[in-house]
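A.B. asks: Here you go, one structure.
The values are calculated or read from the model by the stated rules, or taken from the named source; none is laboratory data. None of these values were measured; they are calculated from a predicted model. All Cβ positions, glycine included, derive from the backbone under ideal geometry; neighbour counts span all protein chains shown.
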Amino acid sequence: MLAARAGHQVYWEVSGARDGIPVLYLHGGPGGVLHEGYRRRFDPEKYRIIGLQQRGAGRSTPTAGSPEHRLEDNTTAHLLEDIEALREHLGVERWLVCGVSWGSTLALHHALAHTDRVLGLVLVCVTTTSPTEVEWISEGASMFYPEAWAELASVVEQHSDWKPGRGRLVDAMTAVMAGDDAEARLDLALAWMAWEETHIQIGLPVDQLRPVGMCEKPVDQQIAFTTLVGHFWSHHAAQTPGWVPEGGLLAHLGQLQGLPICMVHGRRDVSGPLSTAWAVKAELPTAQLHVVESEGHGGAHMMDLWRRATDSFAATGGFEMVGQAR
């Protein structure tokens, strides 16, 4: 546990080669947890594998679902401070940074803030958490599963003044999850997790579907996850100063030109459409973008490309050996 600002304790773990290439893994969410599977994407004989549990989630304390957690102490700036504090604590000069989904947004923020500390980036299920992306995943994707979204919307309406077409759903969700009504928070957390469990699986082959997962997490984890999703997405959608660089994250990515970057994205990703990765590629023409035609927000081929990207970086310091997506 790493002591962080505002009384937070941030969980971290290290595995692999003690003298290997330092690599930082940033999980998704916001509010996700460190699943042990991420370690399989790095050769343990080549990499010093560092996992950071973002504040307010998982084993980090206080969790976002607890009364001790104050949302004002959990911002993009706080997360970036925690990353830097861990790097200094571990004595890492520079590291490869790998982010998945929301973790790719955080990786880009970190690389912009500390470009001289980053060896390269591997971004999987690429996001920038722009207003368009937030509106799409929380409302626009309803066109694929209108019945599932209607169930979520009805719970938000029940516990807030929000109505479809009047304001952002994610803003209403944030207000409910930051409130004192425990029953409303639980209702909304369960509804949000069910919505995520639905749309995040679109595009996965039948043999890779996850019939359980997010909705089987302990209730306190579901509340923490939903609280942080609403909190972060609401501020990023509003482009709140101090949370997002002026003009948006995408407008600043040109500063990373020349940094080795490899992106892996699924053509069938409904949760985070390929257009985001394409927009990042437009700002960073030398970055590699591997599109997996047969998968969505994750899948076996994408995980294979992730591993091939880190193998290539360990061998050459770049991503020339990754090869073609399937």
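A.B. asks: Do any helices (runs of 4 or more DSSP H) lying entirely in the range 124-177 carry at least 2 residues that are over 22 Å from the mean Cα position of the chain (by Cα) and surrounded by fewer than 18 Cβ atoms within 10 Å (Cβ to Cβ), and which ones are they?
C.D. replies: So the answer is 146-159.
A.B. asks: Something else: Would you confirm whether or not the range 259-271 contains a residue that is assigned to a helix (DSSP H, G or I) and either surrounded by 23 or more Cβ atoms within 10 Å (Cβ to Cβ) or at pLDDT below 95 (or both)?
C.D. replies: No, there is no match, as no residue in the range 259-271 is assigned to a helix (DSSP H, G or I) and either surrounded by 23 or more Cβ atoms within 10 Å (Cβ to Cβ) or at pLDDT below 95 (or both).
A.B. asks: Next up: Being buried (at least 17 other Cβ atoms within 10 Å of the Cβ) and among the aliphatic types (A, V, I, L, M) is the filter here, so list the residues in the range 1-19 that pass it.
C.D. replies: Leu2, Ala4, Val10
A.B. asks: In the same structural domain as Gly29 (by TED's automatic domain parsing), within 30 Å of Leu188 (Cβ to Cβ) and either touching a residue at least 60 places away in the same chain (Cβ under 8 Å) or of a type in the set (Gly, Ala, Ser) (or both): which single residue out of Gly298, Gly254, Gly230 fits that description?
C.D. replies: Going through Gly298, Gly254, Gly230 in turn, the sole match is Gly298.
A.B. asks: Okay, next question. Would you pick out the residues in the range 272-286 that are touching a strand residue (DSSP E or B) at 6+ places or on another chain (Cβ under 7 Å) and surrounded by fewer than 22 Cβ atoms within 10 Å (Cβ to Cβ)?
C.D. replies: Passing the criteria: Leu274, Lys281, Leu284.
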